[in-house]
Structure formats: C-alpha cells, structure tokens
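Q: Here it is: the structure, laid out below.
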Amino acid sequence: SQLSSGGKLSTCILRPNTVYGEQATFLLELYSNARASQGVLNYLQPAHSERNYTYVGNVAWMHVLAARNLQLKPELLAGQVYYCYDDTPTRKGFLIHHQLLSSADPSVRLGSHIPYWKMWLLIQVHRVMKVILYPFWRPQPFLNLPLLNTIVTSFFYETDKASRHFGYKPLFTWQES
C-alpha cells in the first residue's frame, strides 16, 4: 500500500512453529513440573505427533535478514510466507523437551504419556467448577481445549525458501542451542 511519504509498504510473514530458548516459558514450566514430580517429565503428546522446533536466536536472525532483504528485493519477498527453521531435529515434542531439560539437569527423566481423554475430562471438570465457583473464586485454567488439541496435533514442514530468497542460514546449531 502507498504510504503518506510516497513510499510503498511491503511486508512478508515469518512463521515459527514452536520456538525454544533460554527463557522459554513453556520449558521453565515443564522443568518446574518435572522437579515437583521427583524429576519425572510426563507428557501429553501422543507417540505419532511430531512438530518443528526452532531456536529463538535463529528466528531472530531470520527476522533481521528478512527485514534487510525486504528493502533490497521487495518484489521477491513482499507478500511471501516463510516458515522458520533450523537444524533442530523434527521429532516428537516430548523427546525434544526431555533432551533440552536433561541437558540442563541430568536428573530429569522421561515419564509416561497422559492420555487425551484424561486431559479432556480435567478441562471439562475445571469448566464446571469455574461456573459454580465464579461468585467466590476465579480459578485460572491450566489448559484449554484448543491448546490441548494443538499439543496433540502433528505439524511439521521442510523448506529452504528463506535460504533461496534471502540467504538465511541458521546462526546457531542444534548442539549450540
């Protein structure tokens, strides 16, 4: 679109799937839960569920390169969607979580799978309790149905589009992250 200064606005979309890093809230919560369970990391993801994980530093680097190249080559990048990627292995989420947490604390060990139906039932009980207790107490949900459905769904991709369009190469390897 045309800007008031006479220039043209160009945008592209960078879409990370699951981002992890040193201050990732979900990893800190998983670690706290594991420590509270004597180091046992239980998980919701079914065995068939896989997803891409990308290190936060590589996502940031991709943003820097995209912003720089969007100014240089707007005709190529404008309107494009780029999935963020690096060399983090595509695999079951609970295995990635375990590998990341156990590298920081070797006492964390993999627990057991919590079935979908149990979590679904807990969410429904929580919803009923919330309605009953609303005048006196407002409990915060620990998990909702859309998030549960996202957790148990596979979503992964394989692409090199960012590399081809604006020369993206991850700054950090899987081992460094």
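The values are calculated or read from the model by the stated rules, or taken from the named source; none is laboratory data. None of these values were measured; they are calculated from a predicted model. Here the Cβ is made from the backbone with ideal geometry for all residues, glycine too, and neighbour counts use every protein chain on show.
Q: Can you find even one residue in segment 119-140 that is surrounded by fewer than 14 Cβ atoms within 10 Å (Cβ to Cβ), over 28 Å from GLN38 (Cβ atoms), hydroxyl-bearing (Ser, Thr, Tyr) and free of Cβ contacts under 8 Å to residues at least 40 places away in the same chain?
A: yes
Q: What pairs come out if I take residues in segment 32-44 that are within 13 Å of ASP105 (Cβ to Cβ) and pair them with residues that are modelled with pLDDT of 90 or more and basic (Lys, Arg) whose C-beta lies under 8 Å away, six or more apart or interchain?
A: The qualifying pairs are GLY39/ARG109; VAL40/ARG109; LEU41/ARG109.
Q: Okay, next question. So which residues in segment 26-59 are within 16 Å of ILE96 (Cβ to Cβ), assigned to a helix (DSSP H, G or I) and of a type in the set (Ser, Thr, Tyr), if there are any at all?
A: TYR31, the sole residue that qualifies.
Q: Mind checking whether some residue in segment 75-87 is within 26 Å of VAL152 (Cβ to Cβ) and assigned to a helix (DSSP H, G or I)?
A: Checking segment 75-87: not a single residue is within 26 Å of VAL152 (Cβ to Cβ) and assigned to a helix (DSSP H, G or I).
Q: Oh, and also: Please specify each residue of segment 140-176 satisfying the condition of being touching a Ser or Thr at 6+ places or on another chain (Cβ under 7 Å) and either of a type in the set (A, V, I, L, M, F, W, C) or under 30 Å from ILE114 (Cα atoms) (or both).
A: The answer is VAL152, THR153, SER154, PHE156, TRP174.
Q: Related question: Given (1) out of contact with any helix residue (DSSP H, G or I) (no Cβ under 6 Å at 6 or more places or on another chain); (2) under 30 Å from THR159 (Cβ atoms), identify the lone condition not met by MET129.
A: The number of the failed condition is (2).
Q: Restricting segment 97-125 to residues that are of a type in the set (Val, Ile, Thr) and outside any helix (DSSP H, G or I), which is farthest from PRO139 (Cα to Cα)?
A: VAL108
Q: Follow-up. For segment 77-113: of the residues being in contact (Cβ under 8 Å) with a residue 24 or more places away in the chain, surrounded by fewer than 17 Cβ atoms within 10 Å (Cβ to Cβ) and hydrophobic (A, V, I, L, M, F, W, C), which is nearest to ALA47 (Cα to Cα)?
A: ALA104
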